[in-house]
Amino acid sequence: MDLALLAVVVGVCVGIVVGALGAGGGILAVPVLVFLLGMPAHSATASSLIIVLITALASLPHHARHRNVDWRNGLVFAGVSVVGAVVGSRLSALVPAQILLTLFGAMLALVAISMLRRALRARAEERVAEHTSPAEAATEEPVATYDDPVLDQPGPDMVDTADGLRSHHGEPELPLTPTPPASPRLSLVIAAATLTGFLTGFFGVGGGFIVVPMLVIALGLAMRRASGTSLLVMVVATATSLLARLGTDVQIDWVTTLIFAAGSAAGGILGGPLSAKARPSTLTLAFSALLGGVAAVTLVQTLVL
């Protein structure tokens, strides 16, 4: 009974993180399943895929209603990630549990550092914008922004403001040059999507922790839009990774997994509205802090204890 209650409570917390950040479910679920609920590492990676899949499905409608999901680019990105997800899932079963968890912790630490740097830059830009007077802003040359760099067209949720700038739900995008930006290199998008799928399948996580920065870097999406789109990618990547695990020796504790998933799905519904109230830089800072904390705990538990 205590174990079930713990699974529900932690599941709700994980779901809130997924709903608010569009990421984080798997990176929390795997350590919790291993270190708190006593699951073997390979079973935990498979169970976390089920948890993240259910949570992402529960969180996606909120972001879709607020038009924070780039369906076209998200589905293309997810489709390319399928190959990597299948390869990663099959390879994961061949790696010893301790090595798997060590690589998991090291990867999270690297992503946490990268996202922290991005958050600090975004916070500095927000502060500059806050201290810019209306008169100074009026003298600046209006520039066009594009929310869909692949097609060089404004996204459906971009609106024109009085000063000639386009904004994302009232929040100005970072200014770009007046000419439409060049489309990202196809090779970069393919590489990013394949890597995302591989990491999802190999570590058994939803992939949101890597999908969000990849969507920001490869497709140039705003943080909030990348968070919503990542849920779509997570649904496809986790479902593919689960199918790829069919026929392996990995066993799933369905009772604990489904209880955890139910709590996570409820938390995901609660977490969605939180993202609309926070600054993009705050979301990124929370994301990086979460990754750093989980990385530290995982590496200490695996290498020291």
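The values are calculated or read from the model by the stated rules, or taken from the named source; none is laboratory data. The structure displayed is predicted, hence computed values, not measured ones. Because the Cβ atoms are built from the backbone with ideal geometry, glycine has one as well, and the counts that use them run over all protein chains shown.
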What number of residues in segment 202-258 are under 28 Å from LEU188 (Cβ atoms) and of a type in the set (D, E, K, R)? 2
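For segment 87-98, does any single residue satisfy the condition of being of a type in the set (Gly, Ala, Ser) and surrounded by fewer than 23 Cβ atoms within 10 Å (Cβ to Cβ)? Please lay out each step first, then the result.
First, the residues of segment 87-98 that are of a type in the set (Gly, Ala, Ser): 88-89, 92-93, 97.
Now narrow it down to the ones that are surrounded by fewer than 23 Cβ atoms within 10 Å (Cβ to Cβ): 93, 97.
Yes; the residues of segment 87-98 include at least one that is of a type in the set (Gly, Ala, Ser) and surrounded by fewer than 23 Cβ atoms within 10 Å (Cβ to Cβ).
Restricting attention to helices (runs of 4 or more DSSP H) lying wholly within segment 1-92, give those where 3 or more residues are modelled with pLDDT of 75 or more and closer than 22 Å to GLN251 by Cβ. Steps first, answer last, please.
Values: elements: 2-21, 25-31, 41-65, 71-92.
Of the helices (runs of 4 or more DSSP H) lying wholly inside segment 1-92, those with at least 3 residues that are modelled with pLDDT of 75 or more and closer than 22 Å to GLN251 by Cβ span 25-31, 41-65, 71-92.
Quick check: is even one residue across segment 212-225 β-branched (Val, Ile, Thr), at pLDDT below 80, out of contact with any Gly (no Cβ under 8 Å at 6 or more places or on another chain) and not in a helix (DSSP H, G or I)?
Applying the first criterion (β-branched (Val, Ile, Thr)) to segment 212-225 yields 212, 216-217.
Adding the requirement that they be at pLDDT below 80 leaves 212, 217.
Now restrict to residues that are out of contact with any Gly (no Cβ under 8 Å at 6 or more places or on another chain): 217.
Okay, now just the ones that are also not in a helix (DSSP H, G or I), so none.
Scanning segment 212-225, I find no residue that is β-branched (Val, Ile, Thr), at pLDDT below 80, out of contact with any Gly (no Cβ under 8 Å at 6 or more places or on another chain) and not in a helix (DSSP H, G or I), so the answer is no.
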Quick one: is ALA122 more than 30 Å from GLY293 (Cα to Cα), outside any loop (DSSP other than H, G, I, E, B) and either under 22 Å from the mean Cα position of the chain (by Cα) or modelled with pLDDT under 85 (or both)? no
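Those residues that are charged (D, E, K, R) and closer than 14 Å to ALA119 by Cα, I need them from segment 222-237; list them, please.
Hit for segment 222-237 is ARG224, nothing else.
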Residue list for segment 241-250, restricted to those being in contact with a helix residue (DSSP H, G or I) (Cβ under 6 Å, 6 or more places away or on another chain), surrounded by fewer than 24 Cβ atoms within 10 Å (Cβ to Cβ) and assigned to a helix (DSSP H, G or I): LEU242, ALA244
Need pairs with beta-carbon distance below 7 Å; first residue part of a helix (DSSP H, G or I) and within segment 107-119, second at pLDDT below 80 and of a type in the set (Val, Ile, Thr); sequence gap 6+ or separate chains. LEU108/ILE27; VAL111/ILE210; MET115/THR284; ARG118/THR284; ALA119/THR284
